[in-house]
Amino acid sequence: MNFLAHALLSEPFVHSLVGNLAGDFVKGPLVPSVLHPRVIDGVRRHRRIDALSDTHEGYSTLRAIFPPGRRRYAGPVLDVILDYYLWRNWSQCSTWDRNNFVEDVYNALEHCVDLMPPLFRQAFPRLRDADWLRAATSLAGLERSLTRMGARLRRPVRLQDDLPALLDEPLLEREMLRTFLAIQLQIEDAKGP
């Protein structure tokens, strides 16, 4: 899952939001002396969401549509594409107005910088200024996101080149939404993060 999906799957309080969005910036064991316990709960939720998506049958099916030499990138590419489809199908996944939701997330984070793990705190100004929550919600934005992602790899890969064929795959949007909604139900039904 990418930023927009993680924000939507956060529990409805700011500590969970911070932890859930910071999850990729926190490596290793979670130390209560470094992070607020509720932020730790949010990071755990982030990790659980990632584990659920990585092992969901829908994601396994979708990985198979990638060309064999590109399958190793399927997970991160699918995560970014999910934000695109989530934005397009917002009313199936949320009752909030999507633009108000994004602005509320940014406003909440602005007031909680002191709760952020150090690496996320450093990245947050770039996240906000580049509007990461909406970065992949248009076709052009999706292409830019994949271009940046591919350029950051140890050996740069033009991930954006696979985009036309992926978006032409009729299975992609349906499976991605089905997977997201299943994970959303699992997360909401779980007791705690």
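Results, tabulated for the structure shown:
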{"item": "Two-site FRET efficiency, Thr61 against Asp114, from Cβ-Cβ distance with R₀ of 45 Å, rounded to 0.05", "result": "0.60"}
{"item": "Of the DSSP H helices in the chain, those whose Cα atoms cover at least 24 Å axially and whose Kyte score averages -0.5 or more", "result": "170-189"}
{"item": "Viscosity 0.692 mPa s, temperature 37 °C, Stokes-Einstein D of the range 91-135 from Kirkwood C-alpha radius, µm²/s", "result": "286"}
{"item": "Pair Ser91, Arg174: separation of 7 Å Cα→Cβ label points (nm)", "result": "2.1"}
{"item": "Whole-angstrom Cα spans of the range 49-193 along principal axes, big to small", "result": "44, 37, 25"}
{"item": "Where only C-alpha atoms are counted, convex hull volume of the range 1-74 per residue in Å³", "result": "93"}
{"item": "Fraction of the pair-distance distribution of the range 94-168 above 18 Å, Cα-Cα pairs, percent", "result": "54"}
{"item": "Relative contact order for the chain, counting Cα pairs under 8 Å that sit 6 or more residues apart, in percent", "result": "29"}
{"item": "Within the range 122-148: backbone nitrogen closer than 15 Å to the Ile187 label point (7 Å, Cα to C-beta)", "result": "133"}
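Any read-out appearing in this document is the output of simple, stated calculations on the displayed coordinates, not a laboratory observation. Treat the numbers as computed from the prediction; the structure is a model and nothing was measured. Quick reminder, even Gly has a Cβ in these numbers, built from the backbone with ideal geometry, and neighbours come from all protein chains shown.
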